[in-house]
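This report concerns only the one structure given below.
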Amino acid sequence: MTTDNPDIVAVPIDVWAPAADTVGLVAGDATAPMTRGDAGWWHGSLSDSADGVDYGFLLDGAGPFPDPRSRRQPHGVHALSRTFDPAAHTWQDDAWTGRQLAGATIYELHIGTFTPEGTLEAAAGRLDHLVSLGVDFVELLPVNGFNGTHNWGYDGVLWYAVHEGYGGPAAYQRFVDACHAAGIGVIQDVVHNHLGPSGNYLPNFGPYLSDAEGNTWGASVNLDGQDSDEVRRYIIDSALMWLRDYHVDGLRLDAVHALKDHSAVHLLEQLAGEVAVLSASVGRPLTLIAESDLNDPKLITPREANGYGLDAQWSDDFHHAVHVALTGETVGYYADFAPLGALAKVLTRGFFHDGTLSTFRGRHHGRPVDTERMPAWRLVVASQNHDQIGNRAIGDRLSAQLDTGQLGIAAALTLLGPFTPMLFMGEEWGARTPWQFFTSHPEPELGLATAEGRIGEFARMGWDPAVVPDPQDPATFERSKLDWSELQGGDSGRLLAFYRDLAGLRRRLADLTDPRFARVAVAYDEADGWLQLSRGETEIVINLSTTSRSVPVAGQSVLLAFANSADASPRLDAGRVLLPPHSVAVLA
């Protein structure tokens, strides 16, 4: 196709629809038949412009449906797609050489609630704050196309698109450019284990979903059945797109335990191999982090040693042990983490459940980490994250239960422990705003089902249904936005200063980024409520008690300290440190 207008170019459009007898390419008021090719692919072209052209597909006369690989959905996930050329952006990050995960700090945020505006542009305006915290990577909750105006992001249905309300794909490229200019890498949270309940047209095109076995969210993605090669290609091409076209530095892979794949080469292993190829090509580190409930080190064992070759995985055991030590909660999956020894084991062994009985699951769970060979940074840990806050009935943060001293203890354990620390937006000043589960399904019946399901879920766990916020209520979303005015002085300002001091200490002391488990030791007293974490020659001593405690130490000087009372401070005397209630001291 040719044109006399230099601003109009012919672009190829391809779509996989193996079961269709006819496929029509819709653009404006015109529909053109597409040509069947090999392996279920159909081919056509349309006249594109710099502003993009809206298009879709008719499948045996039904539709039009958006492109499964759509880069942009300006009118929502049910409407036509719009062409987008990622190469049109003039990148400003030529000097960016990337960041390795070892020694790094991650900051998890949700674009819609990180700022009042809820956009990528507004988030870029807050990067100086992250720099002051020593953040190396910002991890964005999913930004894929979903139905409605606001959502956690885990109801995405178009895995190649950026939600228009955040600014769309061009704004995303500018955000990544701004992060790299600030010295911050970008990790994108991606969901490959399920699709959202509204706007999922993939089954109209081909066997993207499996009837064999489902997961928590419904039908599984077809990773090992008939025609699964193209489904796997769909996922891997999407992952490579973020890393290549948007210059993203890493991906956080949501709930990989829900990926049902019995292939000889698991999807995760295939993905790791292809990402390694791309990393060599672009000349910068590209990181893959799994969220996994399996406690299986095979995910992060190199492919050369017959593992999947992912770079890191989340360790929820760390969160559970810290949470129980600070709050005393022992319901549900917290039950096994009640002794302080659980925290000691996690700090020195990586997992608590490493083949042990999980009473919550009713079975033995996990496998030991090879602490002689596995570097500790391969485990990403947090005292708070979107799941552990948002999946509580009222979305309450630790700040709703703990005093400032306890929040400081959580910060020290996370940032000075042996693992890769991840902070959740706002925790650095003890944000008082909740982070609740919110949706904006336009379909009344879907919104009602979501709300009733949420209430029923917590009612079974013993929560009063009256306190569970309606996820469809716009106020639930608005309540979850950070209130940046909280930073002004008081305990919030003091806690923020402590986070910054911890980040500075982590930068200065090699002990605190040493990845060797052998250089980690823990002593504790269950009855007196104190714990001592040794990282080489550096000691982190913590008083979890409401009264002062005297703890034997080897350290000769106090590098940093924090207590619930601004007037209290630790005192060294004859090989012991006297710690005020709810306090932490770092000794050299």
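Observations on the structure shown:
Yes or no, residue by residue, for (1) free of Cβ contacts under 8 Å to residues at least 24 places away in the same chain; (2) more than 21 Å from the chain's Cα centre (by Cα); (3) under 24 Å from Trp463 (Cα atoms):
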position: Gly408; (1), (2), (3): no, yes, no
position: Thr420; (1), (2), (3): no, no, no
position: Met425; (1), (2), (3): no, no, no
position: Trp429; (1), (2), (3): no, no, no
position: Thr433; (1), (2), (3): no, no, yes
position: Pro444; (1), (2), (3): yes, yes, no
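- Strands (runs of 3 or more DSSP E) wholly inside region 488-588 containing at least 2 residues that are basic (Lys, Arg): none
- Here is the figure for region 425-465: residues that are farther than 30 Å from Leu413 by Cβ, surrounded by 22 or more Cβ atoms within 10 Å (Cβ to Cβ) and acidic (Asp, Glu) total 0.
- Test for Pro469: is it surrounded by 19 or more Cβ atoms within 10 Å (Cβ to Cβ), in contact (Cβ under 8 Å) with a residue 24 or more places away in the chain and not aromatic (Phe, Trp, Tyr): yes
- Matching residues in region 54-63 - criterion: being open to solvent by 20 Å² or more (accessible area, probe 1.4 Å) and modelled with pLDDT of 95 or more: Asp54, Leu58, Asp60, Gly61, Ala62
- Hits in region 468-493 - residues which are under 27 Å from Asp567 (Cα atoms) and in contact with a Phe, Trp or Tyr (Cβ under 8 Å, 6 or more places away or on another chain): Glu486, Leu487, Ser492, Gly493
- Total residues in region 265-296, condition part of a helix (DSSP H, G or I) and either open to solvent by less than 10 Å² (accessible area, probe 1.4 Å) or without any contact (Cβ under 8 Å) to a residue 40 or more places away in the chain (or both): 15
- Scope region 362-410; condition assigned to a loop (DSSP other than H, G, I, E, B), more than 29 Å from Glu304 (Cβ to Cβ) and touching a helix residue (DSSP H, G or I) at 6+ places or on another chain (Cβ under 8 Å); matching residues: Ala382, Ser383, Gln384, Asn385, Ala393, Ile394, Gly395, Asp396, Arg397, Gln401, Leu402
- Any hit, region 559-566, residues being open to solvent by 20 Å² or more (accessible area, probe 1.4 Å) and in contact with a Gly (Cβ under 6 Å, 6 or more places away or on another chain): yes
- The residues of region 472-483 that are buried (at least 20 other Cβ atoms within 10 Å of the Cβ) and aliphatic (A, V, I, L, M) amount to a single one, Leu482.
- Residue count for region 147-170, restricted to those that are open to solvent by 10 Å² or more (accessible area, probe 1.4 Å) and not aromatic (Phe, Trp, Tyr): 10.
- Top-ranked residue in region 103-117 [being open to solvent by less than 10 Å² (accessible area, probe 1.4 Å) and part of a loop (DSSP other than H, G, I, E, B); ranked as nearest to Arg500 (Cα to Cα)]: Thr105
- Residue in region 89-99 that is of a type in the set (Val, Ile, Thr), assigned to a loop (DSSP other than H, G, I, E, B) and open to solvent by less than 50 Å² (accessible area, probe 1.4 Å) present: no
- Selection of region 547-566 for residues being at pLDDT below 95 and not small (Gly, Ala, Ser) yields only Gln556.
- Search result, residues across region 330-351 that are assigned to a loop (DSSP other than H, G, I, E, B) and modelled with pLDDT of 95 or more: Gly350, Phe351
- Candidates in region 180-213 are the residues that are within 21 Å of Pro442 (Cα to Cα) and among the hydroxyl-bearing types (Ser, Thr, Tyr); of these, the one that is least open to solvent (accessible area, probe 1.4 Å) is Ser198.
- Of all residues in region 512-531, those satisfying the criterion of being over 27 Å from the mean Cα position of the chain (by Cα) and open to solvent by 20 Å² or more (accessible area, probe 1.4 Å) are Ala518, Arg519, Ala521, Val522, Ala523, Tyr524, Asp525, Glu526, Ala527, Asp528, Trp530.
- Met34, sole failed condition from (1) in contact (Cβ under 8 Å) with a residue 24 or more places away in the chain; (2) touching a strand residue (DSSP E or B) at 6+ places or on another chain (Cβ under 6 Å); (3) open to solvent by less than 40 Å² (accessible area, probe 1.4 Å): (1)
The values are calculated or read from the model by the stated rules, or taken from the named source; none is laboratory data. Note that the structure is a prediction, hence the values are computed from the model and not measured. With ideal geometry, Cβ positions are generated from the backbone for all residues, glycine too; neighbour counts draw on all protein chains shown. The accessibility values were calculated without ligands, DNA or RNA, using every heavy atom of the protein model including side chains. Shrake-Rupley method; radii C 1.70, N 1.55, O 1.52, S 1.80 Å.
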